[in-house]
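A short worksheet on the structure shown next.
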Amino acid sequence: MRRFDSRGRSTQKMVDQVRPLADEVGAAVSAAMEQALPAELASADPLVRPSDHADFQANVALSMAKRLGRNPRELAGTLRDHLVAHAPFVASVEVSGPGFLNIDLTDAALLERLSVRLTAPRLGVPASQADEVAVIDYSGPNVAKEMHVGHLRSTLIGDALARVLDFLGARVVRQNHVGDWGTQFGMLIQYILEHPEASWRSKDEDVVRAGTGGAVSALDQLYRTARAAFDADPEFKERSQRRVVALQGGDAETVAIWKEIVAESETAFQQVYERLGVLLTRDDTAGESFYNPWLNDVVDELAAKGIVEDSEGAKVIFFDEIRGPEDKPVPMLVRKSDGGFGYAATDLATLRHSVDHHGGTRLIYVVDSRQSQHFDMLFRAARRAGWLTDSVEAVHAANGTINGPDGKPFKTRAGGTVRLADLLDDAQHAARNVVAEKDPGLDQEELTEIARVASIGAVKYAELSTSRNRDYSFDVARMVSFNGQTGVYLQYTHTRIASILRRAAEVEGAGAVFQPELALEPAEHALGLALDGFGRALTEVADTLEPHQLAGYLYALAKAFTTFYESCPVLKGVSPEVRANRLAFCELTRATLAQGLELLGITAPDRM
Ligand code: ARG
């Protein structure tokens with residue numbers, strides 16, 4: 001019988017969980033260091049890395065010998081002797097160069113672990129984040145504006161982080177901090193009231209293309225028109241400002257229109273999320289308006305704690321460390337002089353809610369890097385208020401900008417922001433051409449479906465294989481290529497393995513079972529090491545909040561498989577044991593690729 005803990009996780013652990021060999025090697029080198037080094041140095045990082053010269057290389061002898069004034073090769077020799085005597089999974093250790101340890105592992109150790117992974121749930125990956133409650137704030141589009149390319153990064157990165165942390169056992173709370181409140185609504189509602197003929201509802205639109213948010217386009221247009229009126233006509237501006245007060249005061253007519261606008265946008269956002277296959281649903285939306293009821297209370301709490309100051313009628317927080325031009329301290333504006341609240345106050349309330357209500361232990365904000373000062377101030381204020389403590393961490397997992405193919409900020413020819421939906425259409429079109437060329441035999445329906453899956457995978461992989469903070473160019477042709485580090489290449493590798501396994505199913509008696517007593521070819525050994533490293537790639541994502549750690553891992557895995565497949569026949573001309581073992585390699589690679597792609601939010605098709 002299986003037991004479950006209070007969060008519904010199985011408590012029947014460890015038999016099904018395999019520690020990555022890289023971690024085992026690290027622990028073995030640490031144990032050797034304990035024997036060979038003074039206590040205060042023995043707990044240093046053993047500096048174990050995968051290597052071109054051996055399965056792993058440990059460089060720790062060099063730095064330690066330097067500190068101790070010892071000969072590094074001699075110290076490395078002592079560590080080697082200890083490793084050889086005590087680590088059963090080590091096949092050989094060689095001291096090379098000035099004192100590197102080149103460590104090779106036995107085939108048997110590898111095969112034993114792979115064999116557990118093949119049958120264990122979750123590929124044997126331990127639930128390393130089981131004590132974490134991760135509140136992930138991502139996407140956060142703005143109501144009445146088209147979701148644009150800027151929101152793509154946060155949406156995809158946040159979604160991948162949510163998937164990976166959940167897989168590693170964390171409780172994940174997804175938070176879509178939609179911009180659904182603020183002074184711009186006064187202007188928008190006032191304009192609508194004064195122009196009953198203006199068309200902005202989806203039913204006003206002749207055509208609403210699925211997934212493109214037709215209604216928001218109309219709303220977006222209206223927003224621009226209202227904005228122009230607001231800037232040009234001081235009387236309209238004043239009426240708009242009164243309208244904001246009416247909205248905040250709960251005036252029925254005003255609130256009704258506001259609700260309608262928000263609902264229109266929400267529908268359009270959901271269409272984009274569905275098209276992208278991201279996890280966000282309406283239930284994950286806790287927009288700016290959601291926190292309204294707590295704003296006064298938050299300011300009162302901060303005032304009672306002596307954190308806010310009065311400044312020209314406004315309530316602000318100053319930080320010694322945060323300074324702007326001319327070294328002037330930059331204030332965090334908590335309450336404006338007219339009594340209104342802004343973005344900062346809302347985020348203070350959001351953060352407090354994430355801790356008090358959701359019980360978050362790690363608050364992750366996947367937001368544009370241009371907001372880094374805002375988050376810096378937010379976290380400092382929250383620490384002063386005692387909301388962030390040693391047991392609650394907050395991180396701004398900042399993302400850079402997407403540029404156009406020319407490397408300059410992405411703009412339409414008319415200079416406007418590029419709609420996300422148009423970009424996805426472009427990618428789908430390009431994928432269709434590439435897939436049709438590769439496989440002219442596909443019928444139209446298949447082709448359309450494959451192009452859809454390939455284009456979404458291509459856009460996601462291009463995003464998730466780049467480090468968050470770096471800017472990159474949205475280059476559709478490169479993204480949908482079958483060659484190079486692309487989502488299409490990984491999906492295609494998955495389909496190739498699926499096809500090998502389909503053919504194997506027709507061969508009588510061909511099962512996929514690892515054979516621990518077999519000696520492996522170098523390409524098999526290398527593939528085995530790559531397969532064993534899956535969990536480690538995931539914990540790296542969890543530690544760094546960088547999905548590219550997983551994206552890069554999957555690419556290396558696919559390449560290791562290709563090398564294996566080129567040099568090791570699977571179905572023909574081999575003994576039944578070798579065939580079973582190689583099929584097990586195929587099956588575990590397929591399962592690992594599929595699982596890894598899923599954690600990036602990418603579909604792994606069986607055919608393409
Ligand atoms: N709506 C904001 C924007 O478009 C992003 C919200 C980010 N989340 C937050 N808690 N501030 O810039």
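Numbers below:
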| read-out | value |
| --- | --- |
| Helix axis angle, 372-385 relative to the chain longest principal axis, alpha carbon, degrees | 90 degrees |
| Per-pair calculated FRET efficiency, R0 = 35 Å: Asp297 and Lys259 via Cβ, rounded to 0.05 | 0.90 |
| Full-extension gain in nm, Asp231 to His195, via 0.36 nm per residue minus C-alpha separation | 11.2 nm |
| The chain: angle of helix 295-304 to the longest principal axis, Cα-based, in degrees nearest 10 | 80 degrees |
| Sites matching trypsin sites (Lys or Arg not before Pro) across the stretch 458-519 that sit in DSSP coil, with at most 13 neighbouring C-beta atoms within 10 Å | Arg470 |
| Cα-based helix-to-principal-axis angle, 72-86 vs the chain, degrees rounded to 10 | 80 degrees |
| Alpha-carbon Debye profile of the chain, log10 I(q)/I(0) at 0.06, 0.10 Å⁻¹ | -0.41, -1.02 |
| In nm, spacing of pseudo-spin labels at Glu74 and Arg413 (7 Å Cα→C-beta vector) | 7.5 nm |
| Fraction of antiparallel bridges per DSSP, the chain only, in percent to nearest 5 | 55 percent |
| Trypsin sites (Lys or Arg not before Pro) restricted to the stretch 410-449 and DSSP loop, no more than 15 other C-beta within 10 Å | Lys411, Arg413 |
| Virtual spin-label span in nm between Arg49 and Gln241, 7 Å along Cα→Cβ | 6.0 nm |
| GluC sites (Glu not before Pro), loop per DSSP, at most 12 other Cβ atoms within 10 Å - longest free stretch of the chain | 1-196 |
| Residue-by-residue Karplus 3J(HN,Hα) for the stretch 475-481, coefficients 6.51, -1.76, 1.60, Hz, glycine and proline x | 10, 4, 4, 5, 4, 9, 6 |
| Vicinal HN-Hα couplings computed from phi for the stretch 444-456 (Karplus, 6.51 cos²θ - 1.76 cosθ + 1.60; Hz; Gly/Pro x) | 4, 5, 4, 4, 4, 5, 5, 5, 5, 4, 5, 6, 5 |
| Mean separation of Cα contacts under 8 Å, 6 or more apart, over the residue count of the chain: relative contact order % | 14 percent |
| Cα-based Rg / Dmax (Å) for the stretch 21-105 | 11.2, 32 |
| For the stretch 569-581, Karplus couplings with θ = phi - 60° (6.51, -1.76, 1.60), whole Hz, Gly/Pro x | x, 9, 9, 10, x, 10, 5, x, 5, 4, 4, 4, 5 |
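Any read-out appearing in this document is the output of simple, stated calculations on the displayed coordinates, not a laboratory observation. Just so you know, these numbers come straight off a predicted model, no measurement behind them. Cβ: placed from backbone, ideal geometry, glycine included. Neighbour counts: every protein chain shown.
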